[in-house]
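Shown next, in structure tokens, is the structure this report addresses.
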Amino acid sequence: MTDVLDSAVDDGLRAVFADARLRAGEYGAHYAALWESLEEQSAGGKRIRPQLVNAAYFGLGGTDRSLATRVAVSFELLHTAFLIHDDLIDRDTTRRGAPNIAARFAGRALAHGADDRASATWGETAAVLAGDLALSRAHREIASLPIDGPRRAALLDILDRAVFVSAAGELADVVHAGATQPPHVDRVLATLEQKTAVYSFECPLTAGAVLAGADDRAVGALARFGRLVGVAFQIADDILGVFGDPAVTGKSTTSDLRDGKQTALTAHAATTDAWSAISARLGDPQLDDGTAALLRAALLDCGALDAARRLADEHLTLARLELDTADLPSALKAELGELAQRAAERAR
């Protein structure tokens, strides 16, 4: 069933981009190329958010696959928009092991005779516009759903919350990275919830539930579960960003350290005697792989890895408790329980 639903989402995305490319052709080759790059950027993800929309919708009695697919597509477009803007904020040029939109359009500029400065402007401009376009299309998918007005309004409110809260988390993440004093672990966890857990877990689950016509108690339980498991997922992601295998994750284990990213790892390290040595290297734009290896060893020795894993486990325990006490169908509980288990395994 999951493969069928994933295929429907992929088909829905292809239809969105085919329509956009057709319209974009009227405005020139560069604009059509922007939409082609946007489609490439949306490919290759795990489709976690669409899966959560579908899990909640069908698990709570929904039956209209076309409606579920459009909401799922909306959240995948939202995710694509955030990834594009996040890369721009972080000045990253790759995504999932390939050049991202900014890098593609910088290369396109060079191929058309632009100098280095102009090519950087092309890349940054393309990334801003592509993220905006994906965000706009995400809203359009919800706004044009053939459902009753109150449900459509509720879904738009959920999408608005996803954007509003995530923007707060993104800003906090940047502020923390440049701060002279590291944030307390509670502030780090709040940022993880705002930046990732709300839009990636809470909102897709509650959107699926609202689309299915679920009551407020079910929607609330899914929201709480989503925030808790979402924080656990992000803690695990931050662990993999430092201690993972790049060949498996497709993610550098140096970039987060080079950028001075504040995570559960650094929040714990800041409470130990090792912090002065760690902070002296953390956030160094010239950080090389050898020095990054020394930082990883220091984080491991001071207990940061174990502390971060404990935090992830605590959130997963609370998430499972939320499931156990919620009045939800047993099949949905089982599916979400498997999600929590995957989060636990991911953190190891």
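The values are calculated or read from the model by the stated rules, or taken from the named source; none is laboratory data. Just so it is clear, the structure is predicted and the values come from calculations on it, not from any experiment. Cβ coordinates were reconstructed from backbone atoms using ideal geometry, including for glycine residues, and neighbour counts include every protein chain displayed.
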Within region 150-200, the residues that are surrounded by fewer than 18 Cβ atoms within 10 Å (Cβ to Cβ) and in a loop (DSSP other than H, G, I, E, B) are G178, A179, T180, Q181, H184
Practice prompt. Answer yes if at least one residue in region 151-166 is among the small types (G, A, S) and farther than 19 Å from L67 by Cα, and no otherwise.
Written response: yes
The number of residues in region 327-343 that are surrounded by 18 or more Cβ atoms within 10 Å (Cβ to Cβ) and of a type in the set (G, A, S) is 2
Does R137 meet the test of being of a type outside the set (A, V, I, L, M) and either touching a Gly at 6+ places or on another chain (Cβ under 9 Å) or surrounded by 15 or more Cβ atoms within 10 Å (Cβ to Cβ) (or both)?
-> yes
Conditions (1) at pLDDT 95 or above; (2) over 17 Å from H139 (Cα atoms) -> L13 fails only (2)
Looking only at region 289-305, decide whether some residue is assigned to a helix (DSSP H, G or I) and under 21 Å from the mean Cα position of the chain (by Cα).
-> no
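Table: residues versus (1) in contact with an Asp or Glu (Cβ under 9 Å, 6 or more places away or on another chain); (2) surrounded by 21 or more Cβ atoms within 10 Å (Cβ to Cβ); (3) closer than 21 Å to A218 by Cβ.
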position: R49; (1), (2), (3): yes, yes, yes
position: A81; (1), (2), (3): yes, yes, no
position: D92; (1), (2), (3): yes, no, no
position: A106; (1), (2), (3): yes, yes, no
position: L110; (1), (2), (3): yes, no, no
position: T121; (1), (2), (3): no, no, no
Within region 265-287, of all residues that are assigned to a helix (DSSP H, G or I) and among the hydrophobic types (A, V, I, L, M, F, W, C), the one surrounded by the most Cβ atoms within 10 Å (Cβ to Cβ) is L265
Subset of region 90-112, residues out of contact with any helix residue (DSSP H, G or I) (no Cβ under 6 Å at 6 or more places or on another chain) and at pLDDT 90 or above, comes to A103, G107, R108, A111, H112
Original post:
What about D238, is it surrounded by fewer than 20 Cβ atoms within 10 Å (Cβ to Cβ) and either of a type in the set (D, E) or under 16 Å from H176 (Cα atoms) (or both)?
Top reply: no
Practice problem: State whether the residues of region 57-77 include one that is crowded, with 19+ Cβ neighbours inside 10 Å, at pLDDT 95 or above, out of contact with any helix residue (DSSP H, G or I) (no Cβ under 6 Å at 6 or more places or on another chain) and farther than 22 Å from H139 by Cβ. | Solution: yes
Determine, yes or no, whether G290 is crowded, with 18+ Cβ neighbours inside 10 Å, more than 15 Å from T180 (Cα to Cα) and either touching a Ser or Thr at 6+ places or on another chain (Cβ under 8 Å) or modelled with pLDDT of 90 or more (or both). no
Just one listed residue, out of A130, A118, A81, is touching a residue at least 24 places away in the same chain (Cβ under 8 Å) and farther than 25 Å from R258 by Cα, and it is A130
Over region 229-264, the set of residues within 23 Å of L171 (Cβ to Cβ) and not in a helix (DSSP H, G or I) is K251, G260, K261, Q262, T263
Note on region 40-50: residues part of a helix (DSSP H, G or I) and either modelled with pLDDT under 95 or touching a Cys at 6+ places or on another chain (Cβ under 9 Å) (or both) are E40, Q41, S42, I48, R49
Restricting region 326-343 to residues that are in contact (Cβ under 8 Å) with a residue 40 or more places away in the chain and in a helix (DSSP H, G or I), the one farthest from the chain's Cα centre (by Cα) turns out to be A331
| field | Boolean, V210 is assigned to a helix (DSSP H, G or I), under 25 Å from L67 (Cα atoms), without any contact (Cβ under 8 Å) to a residue 60 or more places away in the chain and not hydroxyl-bearing (S, T, Y) | value | yes
Given the criteria more than 30 Å from D327 (Cβ to Cβ) and either small (G, A, S) or touching a Pro at 6+ places or on another chain (Cβ under 9 Å) (or both), does A114 qualify? yes
